[in-house]
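Heads up: the structure comes next, in structure tokens.
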Amino acid sequence: MMDGAAILDAPLLSARGITHSYGARIGCRDIDFDLWPGEVLGVVGESGSGKTTLLNCLSAQMMPSSGKLTYRLRTGDQADVYALTEAERRMLMRTDWGFVHQNPRDGLRMGVSAGANVGERLMAVGARHYGAIRDQVTDWLGRVEMDLERIDDLPSQFSGGMQQRVQIARNLVSGPRLVFMDEPTGGLDVSVQARLLDLLRGLTNDLGLSAVIVTHDLAVARLLSHRLMVMRRGEVVEQGLTDQVLDDPQHAYTQLLVSSVLQT
Amino acid sequence: MRAPVIRIEGLSKSFVLHNQGGVELPVFRDIDLEVFAGECLALHGPSGTGKSSLIRLIYGNYLCPQGRILVRHDGRVTDVARALPHEILDLRRRTMGYVSQFLRVIPRVPALQVVAEPLRAQGVDAAAAEQAAGEMLTRFNIPERLWHLAPATFSGGEQQRVNLARGFIVDYPILLLDEPTASLDKANRDVVIDVIRQATARGAAVVGIFHDAQMRDAVATRVLDLAPAGAAA
């Protein structure tokens, strides 16, 4: 497949010098990286290290103070994300990107059913045929292991783990190429977390999705990400292949993080 | 002349422990090494001489700060020491297999899938990959009733055999084995001897650490003695 080979030779997302400050306080500083197609990038660091600020800048939910973000569109053209018009950017987010929030309430509409939450996303990219939408919604809720009898229930009647799975279905149903996730398993019980991790791992593998996942949990990072960026005080102190960063950490801060994890 | 499959030039490695007073632990200095297709090179030496580290450096698991680790991949030569993360992952997917001392278990993933995964990563469909995984598990004497269970609850020996089945399911051109038989009984060690001989017979280059001398004698075509760091180079 010539196309595939050609595509692999170019990054999907390129960040250069992404810097954001809140007044005098630095959110993140001088972040550079390339995300390759099919690659899952983990961003780790303790709270306040700038992970979420960076994720918000990368997903264009927030405009950084400076820096450039380039995204390669399906057509092969490069889009300068921060220079797009508001409408173009919203279109990109609907058609090509997904965003999974830590708190499902931030990513779901709590007043409409689980099915509608997922179907809505398809309608936003132009699907109109009710039967086809319903089929896809059912298919996706099945893939995230939802009990299909509850398709018409409101998300507020679901547990946190179920809400998170609906949010994932809502994000993936429209076939995005890039998904941003902010602590996707945060705040869930360990057993629910394991199930969700297994699900996410399967989905990123099977769909060849690219993703940026923010987490403070090194085990989650090891399981889900190919590559890791370690942040501290707004800066990336170390980055590389996930198992290499975790098994042979170079920076004092990474060594501290790795050695602080309890062994089970 | 034959070209090596792995060629290591001027490789040095040490660990710096920043949170323990910046202590520097040297592992080895200035190693040169060539490994050819069809041979099984056994790394030998007392513990602490960097046998595991050398294997991990070749696999890209440890960072190589100095020297080159050239690996033949896809008809070209890739320097593991300089490769980007996605290039190392591609190398692992298609060229280099690695069997560690312990299986890293993933919650909820059954043994059959753990073993099938390297084939799935190469694009083999689920049914064919699981068929092959079942054959490997049978070969390593893992009873079928365990195939659909997650290996977290398996015994050490069973986990290690799942690990071996996973490592040998793909015909990698390069196989890296870090004490793969530590927790195995005689019958299963014999299976490992068989699969290693089969791998070298089809032209794979094997680099391994075998604590058991009998095992080493049975499979190694060459032995590399590693001396404690600082003693020699």
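Within the range B:40-71, count every residue that is more than 22 Å from A:Gly240 (Cβ to Cβ) and surrounded by fewer than 19 Cβ atoms within 10 Å (Cβ to Cβ).
The total comes to 5.
Every residue, every condition in (1) within 30 Å of A:Tyr71 (Cβ to Cβ); (2) under 20 Å from the mean Cα position of the chain (by Cα), yes or no:
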position	(1), (2)
A:Glu149	no, no
A:Met162	no, yes
A:Glu183	yes, yes
A:Asp189	no, no
A:Leu197	yes, yes
A:Asn205	yes, yes
A:Leu223	yes, yes
A:Asp247	no, no
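Could you list, in sequence order, all residues of the range B:86-110 that are part of a helix (DSSP H, G or I), more than 9 Å from chain A (Cβ to nearest Cβ) and over 24 Å from B:Arg202 (Cα atoms)?
Within the range B:86-110, just B:Glu87 meets the criteria.
Condition check: within 10 Å of chain A (Cβ to nearest Cβ), more than 26 Å from B:Gly10 (Cβ to Cβ) and without any contact (Cβ under 8 Å) to a residue 24 or more places away in the chain. Does B:Gln113 satisfy that?
yes
For B:Asp79, state whether it is acidic (Asp, Glu), within 19 Å of A:Gly240 (Cβ to Cβ) and open to solvent by 20 Å² or more (accessible area, probe 1.4 Å).
yes
Give the range A:236-261 a look and list any residue that's more than 7 Å from every other protein chain (Cβ to nearest Cβ) and assigned to a strand (DSSP E or B), or say none.
Listed by number, the residues that qualify are A:Val236, A:Val237, A:Glu238, A:Gln239.
Only one of B:His73, B:His18, B:His44 is in contact with a helix residue (DSSP H, G or I) (Cβ under 9 Å, 6 or more places away or on another chain), within 12 Å of chain A (Cβ to nearest Cβ) and of a type outside the set (S, T, N, Q). Can you tell me which?
Every option except B:His18 fails the conditions.
If we scan the range A:64-80, do we find a residue that is away from every other protein chain (no Cβ under 14 Å), open to solvent by 10 Å² or more (accessible area, probe 1.4 Å), of a type outside the set (A, V, I, L, M, F, W, C) and in contact with a Cys (Cβ under 8 Å, 6 or more places away or on another chain)?
Checked the range A:64-80: at least one residue is away from every other protein chain (no Cβ under 14 Å), open to solvent by 10 Å² or more (accessible area, probe 1.4 Å), of a type outside the set (A, V, I, L, M, F, W, C) and in contact with a Cys (Cβ under 8 Å, 6 or more places away or on another chain).
Would the range A:158-171 turn up any residue that is out of contact with any helix residue (DSSP H, G or I) (no Cβ under 6 Å at 6 or more places or on another chain), of a type in the set (Ser, Thr, Tyr) and away from chain B (no Cβ under 14 Å)?
Checked against the condition, which is being out of contact with any helix residue (DSSP H, G or I) (no Cβ under 6 Å at 6 or more places or on another chain), of a type in the set (Ser, Thr, Tyr) and away from chain B (no Cβ under 14 Å), the range A:158-171 yields at least one hit.
When you scan the range A:181-191, do you find a residue that is of a type in the set (A, V, I, L, M), more than 10 Å from every other protein chain (Cβ to nearest Cβ) and open to solvent by less than 10 Å² (accessible area, probe 1.4 Å), even just one?
yes
Yes/no per residue for (1) closer than 30 Å to A:Asp9 by Cβ; (2) touching a Pro at 6+ places or on another chain (Cβ under 9 Å):
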residue: B:Arg2; (1), (2): no, no
residue: B:Lys13; (1), (2): no, yes
residue: B:Phe36; (1), (2): no, yes
residue: B:Cys40; (1), (2): no, no
residue: B:Tyr59; (1), (2): yes, no
residue: B:Tyr62; (1), (2): yes, no
residue: B:Arg76; (1), (2): yes, no
residue: B:Ala83; (1), (2): yes, no
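Would you pick out the residues in the range A:205-221 that are assigned to a helix (DSSP H, G or I), more than 8 Å from chain B (Cβ to nearest Cβ) and surrounded by fewer than 18 Cβ atoms within 10 Å (Cβ to Cβ)?
Scanning the range A:205-221 gives A:Asp206, A:Leu207, A:Ala219.
The values are calculated or read from the model by the stated rules, or taken from the named source; none is laboratory data. From a predicted model like this one, the values you see are computed outputs, not experimental measurements. FYI the Cβ positions are ideal-geometry reconstructions off the backbone, even for glycines, and counts take in every protein chain you see. Heavy atoms of the whole protein, side chains included, go into the accessibility calculation; ligands, DNA and RNA do not. Shrake-Rupley method; radii C 1.70, N 1.55, O 1.52, S 1.80 Å.
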